[in-house]
Amino acid sequence: MRSYSTVFGLLLVAAYVTLSTTAVAQTSPPEQAEHPAATAAPVTSPAPGEHAGPIVGSVVSVSRQTMVVRTEDNQFHLFVYDNDLVRPKGLTPGARISVLSDGTGEPGVLLATRITILEPASTSAQGPVPDLAPPPKELRATEREIEKLARRWQIGVRVGGGLDPELFLIGVHTSIGPVFSRDFYFRPNVEFAFGELTDMVAINLEAAYRLPITFRQGRWSAYVGAGPGLNFIHQGVGKRDISFSNFDYQTGLNFFTGVRFRRGTFAEVKTSLWAPGVPTLRLMFGYTF
């Protein structure tokens, strides 16, 4: 029993270091751009819901979730779209536009609430401007993270520990959605657990709801969820094998809550009800690709 307690403690320390490094990396100020003539959006950003004022510039890139605009002073601004925003026709790279936006609380990222086409790309393009650098690397990295977060299907891995009984857990999961609402996702997963007296295979048909306490594409988001757990449990000190005839089946109801970072790492706490032999508490850490 002591060996599994030691492993569980080391797992907690390693996960804490990993999540702390991720949080520091996402909150640290962006590095200086390699080309002095091009900069990302201003270091200071309006508070969430505060109007940033109109920004006029040329569209550098447009995707399903983001837009990058270069202003005349060669600054770059990264926008995400408001839920009620209707993107105008002609919103393509090279078009000159005016954007009304609100702050998101994250430096360098603004929430576009209205976009007006001033000149379409076919007439505003004047050829390449000499000595103009591409968007800074940190802005491109944030853009990729937001696009990754918006994928409708994702897979990932998880590792953790269970208490009562003490188990070491590994697993895989997938995320499908959003469905029904913009914050609701299916999160089915499979967990394999090993302990001194207990082995378990859990098939969890879970769903998660993102709590609207941060903006949808923010650095981190909190979520809660629930779902049935189909658990196959083997308890005893005899010789172990992979035959499911030695496993007892238990159905339970799982409840969980967690925090996910935009870069893909997450931490999650789960409890199960009405399932004897299943860990009362599970602490999971993982990464979603």
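Among the residues in region 191-200, are any free of Cβ contacts under 8 Å to residues at least 12 places away in the same chain and farther than 22 Å from Trp274 by Cβ?
No, region 191-200 contains no residue that is free of Cβ contacts under 8 Å to residues at least 12 places away in the same chain and farther than 22 Å from Trp274 by Cβ.
Go through region 199-225 and give me each residue that's of a type in the set (Gly, Ala, Ser) and either crowded, with 19+ Cβ neighbours inside 10 Å or in a loop (DSSP other than H, G, I, E, B) (or both).
Ala202, Ala208, Gly218, Ser221, Gly225
Can you name the residue in region 145-191 that is basic (Lys, Arg) and at pLDDT 95 or above and is also surrounded by the fewest Cβ atoms within 10 Å (Cβ to Cβ) among such residues?
Arg158
Out of region 192-216, which residues are of a type in the set (A, V, I, L, M) and either modelled with pLDDT of 95 or more or at positive phi (or both)?
Correct list: Ala193, Met200, Val201, Ala202, Ile203, Leu205, Ala207, Ala208, Leu211.
Mind checking which strands (runs of 3 or more DSSP E) fall wholly inside region 1-112 and carry at least 1 residues that are exposed (fewer than 14 other Cβ atoms within 10 Å of the Cβ) and at pLDDT below 90?
none
Is region 242-255 home to any residue that is assigned by TED's automatic domain parsing to the domain that holds Pro188 and closer than 30 Å to Ala47 by Cα?
No: zero hits.
What number of residues in region 258-289 are closer than 19 Å to Gln154 by Cα and either in a loop (DSSP other than H, G, I, E, B) or not charged (D, E, K, R) (or both)?
Total meeting the criteria: 15.
The values are calculated or read from the model by the stated rules, or taken from the named source; none is laboratory data. Since the structure is predicted, the reported quantities are computational estimates derived from the model, not experimental observations. Reconstructed Cβ throughout: ideal geometry from the backbone, glycine too, with neighbour counts over all protein chains shown.
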